[in-house]
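*Asks:* Quick one: the structure is below, questions incoming.
What follows is calculated from the coordinates using simple rules that are stated; it is not laboratory data. All figures in this text were calculated on a predicted structure; none of them were measured in a lab. Here the Cβ positions follow ideal geometry from the backbone for every residue, glycine too, while neighbour counts run over all protein chains shown.
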Amino acid sequence: MTDAASRLVRRYDIERYDGARRQPRSFVACAETTLTIRLDGAPFVRMACSGEHMPELVTGFLFSCGLVSEAEDIAALDISPQGEGRCDALVRLKAAPAAAPLTLTSALGWNAPIQERALPRIPRPARPSWDAKRIMAAAETLDAHSEIFRLTGGCHNALLLNREGPVFFCMDIGRHNAVDTLVGHALLRGLDRRELMVLSSGRIASEIVHKALRAGFPILASLSRAMAASIDLARATGLSLLGNVRTDGFDIYHDNGQLLF
């Protein structure tokens, strides 16, 4: 186990029942950090996360919530450890957020009512430019970075790609957190999100599609599968949506003319 992995996991002595007897075994679990985001000192949201890439996660989450449109909308962001397994993110925005009615979902990530969630359309390009073979190769890259998943089976991995290959990798105990972290990375580094795509290990629910669309990523792909609402939403908005990505192929739920074969 690498030093980086050892910071993100906990080892336990447990027992395994095999249908006939109990036997001792060792078990490795993902460590969990409780993150509280405070806006101007007041608690805004509390979430469970891996504790890695906190500025990226907070920035991406605030973007997905609709509280910021760019990283520059955040006047100050300080990460403040609060003891074992707890952390505060102290955020000050340049402008006070609009007092919209709060909508909470199981994944969080939105603070506006559903009827007000204006999502952009992804324009169809003049010609395809995303090499399908590079996307397939990225599945191997994601697997190579997945040490903690192999140890625990309890986390999600996500990769930000440009047309040449991987740009940034992250893991988190939540698949929504992992995608928000990629969004935050792009925001904080001023990357053109129209020139990037996301490859995730988690199943694609509609909330994940919402995050990708708001960020303006042209392609969202996963090692897992998409839910029905996600496919419908991708086809309605022009998002290219891929699933079951492997080194030997992938499922195409929708191609908006992005893919080069």
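*Asks:* Scan region 152-261 for GluC sites (Glu not before Pro) in coil per DSSP, keeping those whose Cβ has at most 15 other Cβ atoms within 10 Å, and list them by number. Working shown, then result.
*Replies:* Details: sites: 164, 195, 207; in loops: 164.
Passing both the DSSP loop test and the Cβ count: 164.
*Asks:* Residue 72 to residue 26: extension gain in nm, 0.36 nm per residue of separation minus the Cα-Cα distance?
*Replies:* This chain segment gains 12.0 nm when fully extended.
*Asks:* Out of residues 5 or more away from residue 204 or on other chains, whose amide H comes under 5 Å of its own, with H placed 1.01 Å from N in the peptide plane?
*Replies:* Distant-sequence amide H within range of residue 204: 225, 226, 227.
*Asks:* Let me make sure I get this right: for region 130-260, a, b and c are the square roots of the gyration tensor eigenvalues over alpha carbons, sorted descending. Under 1.5 in a/c it's rounded, otherwise prolate if a/b > b/c, else oblate. Which is it? Present the calculation step by step, with values, prior to reporting the outcome.
*Replies:* Details: a/c = 1.25, a/b = 1.21, b/c = 1.04.
Here region 130-260 falls in the rounded category.
*Asks:* So what's the net charge close to residue 64: Lys and Arg +1, Asp and Glu -1, counting the other residues with Cβ under 10 Å from its Cβ?
*Replies:* 0
*Asks:* Over the chain, what is the relative contact order in whole percent, taking alpha-carbon pairs under 8 Å and six or more residues apart? Walk me through the numbers on the way to the answer.
*Replies:* Numbers: 549 pairs, mean separation 47.5, N = 261.
Once divided by the residue count of the chain, the mean separation gives 18 percent.
*Asks:* Given the chain, what percent of its DSSP beta bridges are antiparallel, to the nearest 5?
*Replies:* Values: 38 of 54 bridges.
So the antiparallel bridges in the chain amount to around 70 percent.
*Asks:* How high is the relative contact order of region 109-261, in percent, with contacts defined as C-alpha pairs under 8 Å that are six or more residues apart?
*Replies:* Values: 299 pairs, mean separation 41.2, N = 153.
In percent, rounded to a whole number, it is 27.
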